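Asker: Here it is, the structure in full.
The values are calculated or read from the model by the stated rules, or taken from the named source; none is laboratory data. Predicted model, so just to flag it, every value in this text is computed and none were measured. Backbone-built Cβ (ideal geometry, glycine too); neighbour counts: all protein chains shown.
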Amino acid sequence: MASSPSIQTIGVIGCGLMGAGIAQVAAEADFKVVVKEMDATFLEKGLARIHGAWDRALTKGKLDASRMAELKQRLAGTTDYRDLKLCDLVIEAVPEVPELKLAAFAELEKALKAEAILCSNTSSLPIGTLAAPLSPSRLSNLAGLHFFNPVPAMPLVEIVKALPTSTETIEALRGFVTALRKTPIVAPDAPGFIVNRLLVPYLLDAIRCREQGLATTEDLDAGMKLGCGHPMGPLLLSDYIGLDTMDHVAGVMFDAFGEARFKSPALLKQLVAAGRLGRKSGSGFYRWEGDKAVGFESI
């Protein structure tokens, strides 16, 4: 697939679950990709996640050996911000901690060429709050680019327009997202954007229903999956997202809007305090073995 004429080389900051997914789909869309991690150990782990996905595709006959070799040639890793100097677009995908994102933006301000587009994959933080380390001349090239988990499978990307984001930047990002064979929608620069503004209250309400004993985990999820045609029940989805992430996003949105529907239920906070974070810890509303839920946990 031909890449966007204005965007040829992509940088990704962070090679965790989201960053690796973004790097993978960008390489598969024939962009050159440079992934930056904090150290060699994290970088090796992240690249192995991407290579593992391609190895599985090869085993299943969805990818041939020559194409896989080509994809691996398109993907490079680094621990040095200076190696991003030729990137046309850089997507920050570090954890949802403002201090970490601001530190990354400060380094990118020094490393990137003036015309590079800079995006954050944040799911909840207003893009404008990340602009402090950037020079005024770069703000028109600042936007949000919110992918969904798992990135290779999910067909939507939210393009978040901050107040100074130029029309040219938005159109370049539309072209990039389309080149990934995904659908772009343009969201306002407000906490939660479009999808999480609607999704998070629904998930928190499901947790409140479990907390209040309305039904079991199994029946709550079956009700929404079979009764509403959802591919996954809300408690399973919360586990999959990460209960700590849910609590953090809810906190950001409650602080912004002050509405009770965005407030974390006590049960969510209790599970997080107990280290039951869902899929990532092996226990939440469900018991997990890797990426597979294998049973229900007691509440």
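Asker: Quick one: in the range 188-204, which of the residues that are of a type outside the set (Gly, Ala, Ser) and touching a helix residue (DSSP H, G or I) at 6+ places or on another chain (Cβ under 7 Å) is surrounded by the fewest Cβ atoms within 10 Å (Cβ to Cβ)?
Answerer: Start the filter on the range 188-204 by keeping residues that are of a type outside the set (Gly, Ala, Ser), which leaves 188-189, 191, 193-204.
Checking the rest, the ones that are also touching a helix residue (DSSP H, G or I) at 6+ places or on another chain (Cβ under 7 Å) come to 189, 191, 196, 200-204.
On the way: 189: 19, 191: 21, 196: 21, 200: 24, 201: 18, 202: 13, 203: 19, 204: 25.
Restricting to residues being of a type outside the set (Gly, Ala, Ser) and touching a helix residue (DSSP H, G or I) at 6+ places or on another chain (Cβ under 7 Å), the top hit is 202.
Asker: Of the residues 130, 102, only one is closer than 27 Å to residue 200 by Cα, hydrophobic (A, V, I, L, M, F, W, C) and at pLDDT below 95; which?
Answerer: It is 130.
Asker: Would you mind stating whether residue 226 is crowded, with 20+ Cβ neighbours inside 10 Å and either out of contact with any strand residue (DSSP E or B) (no Cβ under 6 Å at 6 or more places or on another chain) or assigned to a helix (DSSP H, G or I) (or both)?
Answerer: In short, no.
Asker: Related question: If I filter the range 268-292 down to residues being out of contact with any helix residue (DSSP H, G or I) (no Cβ under 6 Å at 6 or more places or on another chain) and assigned to a strand (DSSP E or B), which single residue comes out as nearest to residue 217 (Cα to Cα)?
Answerer: Here the residue is 287.
Asker: So which of 94, 12, 90, 25 ends up being touching a residue at least 60 places away in the same chain (Cβ under 8 Å), closer than 30 Å to residue 250 by Cα, assigned to a loop (DSSP other than H, G, I, E, B) and of a type outside the set (Asp, Glu)? Show your work before the answer.
Answerer: Working: 12 fails: assigned to a loop (DSSP other than H, G, I, E, B); 90 fails: assigned to a loop (DSSP other than H, G, I, E, B); 25 fails: assigned to a loop (DSSP other than H, G, I, E, B).
Answer to the selection: 94.
Asker: If you don't mind, there's one more thing I want to ask. What number of residues in the range 55-87 are in contact (Cβ under 8 Å) with a residue 24 or more places away in the chain and either among the aromatic types (Phe, Trp, Tyr) or not in a helix (DSSP H, G or I) (or both)?
Answerer: Matching residues across the range 55-87 total 10.
Asker: Sticking with this one: Only one of (1) part of a strand (DSSP E or B); (2) out of contact with any Pro (no Cβ under 9 Å at 6 or more places or on another chain) is not met by residue 160, so which one is it?
Answerer: Condition (2) is where residue 160 drops out.
Asker: Hey, among 220, 199, which residue is assigned to a helix (DSSP H, G or I) and either free of Cβ contacts under 8 Å to residues at least 12 places away in the same chain or not assigned by TED's automatic domain parsing to the domain that holds residue 258 (or both)?
Answerer: Values: 220 fails: either free of Cβ contacts under 8 Å to residues at least 12 places away in the same chain or not assigned by TED's automatic domain parsing to the domain that holds residue 258 (or both).
Unique residue meeting the criteria: 199.
Asker: Which one of these does residue 238 not meet: (1) assigned to a helix (DSSP H, G or I); (2) touching a strand residue (DSSP E or B) at 6+ places or on another chain (Cβ under 6 Å); (3) of a type in the set (S, T, N, Q)?
Answerer: (2)
Asker: Just to be sure before I move on: is residue 267 aliphatic (A, V, I, L, M) and in contact with a strand residue (DSSP E or B) (Cβ under 8 Å, 6 or more places away or on another chain) in the structure I sent? Working first, answer last.
Answerer: Details: aliphatic (A, V, I, L, M): yes; in contact with a strand residue (DSSP E or B) (Cβ under 8 Å, 6 or more places away or on another chain): no.
So residue 267 does not fit the description; no.
Asker: Among the residues in the range 50-60, are any under 17 Å from the mean Cα position of the chain (by Cα) and either under 27 Å from residue 156 (Cβ atoms) or not assigned by TED's automatic domain parsing to the domain that holds residue 175 (or both)?
Answerer: At the first step, the residues of the range 50-60 found to be under 17 Å from the mean Cα position of the chain (by Cα) are 50.
Retained after the next criterion (residues that are either under 27 Å from residue 156 (Cβ atoms) or not assigned by TED's automatic domain parsing to the domain that holds residue 175 (or both)): 50.
Yes, the range 50-60 contains a residue that is under 17 Å from the mean Cα position of the chain (by Cα) and either under 27 Å from residue 156 (Cβ atoms) or not assigned by TED's automatic domain parsing to the domain that holds residue 175 (or both).
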